[in-house]
Structures are given as C-alpha cells and as structure tokens.
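Note sheet for the following structure.
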Amino acid sequence: MTTQPLDLNQPQTVRSERKPVKKFYKKLKTIQRFSSLYLLFLPVFVFYIVFSYAPMGGVVIAFKNYTFNRGIIGSEWVGLSHFERFISNGDFWVVFKNTFLLALYRMLFGFPAPIIFAILLYELRFAKLKRLLQTVSYLPHFISWVVVYGLMYNFFSIEGIINQVALLFGSDATNFLGETRFFRPLFVGSSIWKEVGWGAIIYLAALTNVSSELLEAAWMDGANRWQRLWHITLPSIRSIISIMFVLSFGGILSVSFEQILVMYNPIVSSVADVIDYYIYRVGLLQANNYSYATAVGLFRSVLALMIVLTTNWVAKKIEEEGAIW
C-alpha cells in the first residue's frame, strides 16, 4: 500500500488564492461604509467624464482637415501642418506675447493680493468689522464679467465718474477704455478686485493653524508684529502658498476669456488679443477653421502642462511639502 506524499505548499497556495478575495470583500465593505460620500461625488465624476474627458477624443481633428461632410473619421489627415501654420504665422508672437505679459502681471500683482488681504483680516481684532469685510470682499466673485465691465464703463469711460471729476478740476478727459496703455492695468486691477476676497478663503483657513503659543512666546521675547509675521505666520502657511502657486500656473495661459471678451475692442486689439480669444476668433468667427483652432488649443494645453510640471519640480526641490505630487 502506497501513500501519497503530503503537499506542504498546499496550505500556502490556498491562503494566497484567498488573499485577492479578502481584499475584494474588504474594498466592497469600504465602499458600502462610505456609500453616501461616493454618491455625493458621483455628479462631479460624471461632469468631468462628460465635459472634460469624453471631448478629448475630438482632439484628433487638430491633425486633420475637419469638415462636417466627412466627419472626424473621414476627414483628411494632415499631421502637424496646423501647428506649423500657427508657429510660422505672424499672429503667433503677438498673441503669445500678450498672453505672457497679462499672465505675468496677474501673477506678480494678483497672486500676492489674497495672501496680503488674508493676513490683514487675520490680524484684525474687531470681529464684526472682520466679518463685514469678508462678506463685502466675497461678493464680487459672484458677479459676472458683463456686470463688472458695466461698472468699469461707468467709472472709466469718457462720460464716466473719473473723467467728470477731472473736468471739474480743469483736466482733460481721458479715454481709459480706448487706449492700449491703460488696458493691462485695468485688466489686472479689475481681476484682483473681483477675486481677491474669494482667493483669500483658503489662506484664512491656513492661518487658523498658526501656533498661538509661538506668537505669544515671540511677543514675550520682544518681537514686533512685523517680525512675528515674517518669522512665524508666513513660514506656517508656506506649504499652502507653494501649492497654490503651482496650481495657479496651470491656468497661466488661459487668461480669463470672459474678461477679455467683454473688454476687447478694435482699438486695444494689439494688446488684448490673447491665445484664448485668438482660438475663439479663428475657430468660431471664421468659417471652417475648426482644425486650426483645435491645434492652437492643444498647443496651449501642452505648453501649460509643461509649465506646471516644471513649477512642481522646482517647488519640490525647494520644499518637499510644497509640491502637489
């Protein structure tokens, strides 16, 4: 009588086969536990799938001569000809320069504005006045750019309040909205006024984590308000500032199309024609230029991605927690 040799590996094999099953049931229990949160996230997920990821399939027309008759698949393949046409076109340097300068001015003056405003509110000791200023500063964010431009027109047009006051003092009227030298200051200034209160929310939240013990100890050691701000408050929110700085570079080449659209006029076109408005102008206002406009948009998106990756890499080298990934 022969006996079968015992398979010493059999228990280990059974256990290894059960591990994926256990992991599956564990994940299923986690999903069931947080099902309400997943349902809450579902509309956001569907929104991005439908309006952000699904349309990416149409990017292929940037490499074709798209026409309605033939459709996306039947249109002629032209490769990189639309990209070469854009770069060799004289409009490229004009729109790129305008986009870069407006984005640069907005970063130089617009990015620090919410930080400064949040710190000023944080240092304010009158609670009622603080709540009032917060509420008033948030309101412009919910106003459309059409309404904002209407306010600007009432202030800066020839018949506006500023020119009426200037005429009372014997000065000449100035067409602020019709001169190229005033377009960029008005663009950046109105953008800061509209978004500074909303942008300060995240910094106000970060300032609540500043150690009160450190501030009190610094005060006991004789540090003035500026020294406490520079050596304690700002270093405490440095990682948040770094992350927001990296995120802001994601839209550096998307210079507020709605704002440009309402402020644009033929007189200031030489400084107001940015990449987003150029895509709108050649893609929708001109016939059968969809492939060319898509190529310009894809070029802008790839360039913006490279800028974000570079900025994130630099931020990570400076501080590990200051990067997004």
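The values are calculated or read from the model by the stated rules, or taken from the named source; none is laboratory data. Keep in mind it's a predicted model, so treat the numbers as computed, not measured. Every residue, glycine among them, receives a Cβ derived from its backbone with ideal geometry; neighbour counts consider all protein chains shown. Areas reflect the complete protein model, heavy atoms only, side chains present, ligands, DNA and RNA absent. Shrake-Rupley method; radii C 1.70, N 1.55, O 1.52, S 1.80 Å.
Some observations on this one:
- So Phe109, is it open to solvent by less than 100 Å² (accessible area, probe 1.4 Å), in a helix (DSSP H, G or I), under 30 Å from Leu186 (Cβ atoms) and touching a residue at least 40 places away in the same chain (Cβ under 8 Å): no
- Among residues that are without any contact (Cβ under 8 Å) to a residue 60 or more places away in the chain and not in a helix (DSSP H, G or I), Ala223 is included.
- Residue match in region 113-133 (condition: under 24 Å from the mean Cα position of the chain (by Cα) and exposed (fewer than 11 other Cβ atoms within 10 Å of the Cβ)): no
- Applying the condition of being at pLDDT 85 or above and farther than 19 Å from Val296 by Cα to region 46-69 and asking which residue is most open to solvent (accessible area, probe 1.4 Å) yields Phe51.
- Filtered residue count, region 116-134, keeping only those that are closer than 15 Å to Trp198 by Cβ and β-branched (Val, Ile, Thr): 1
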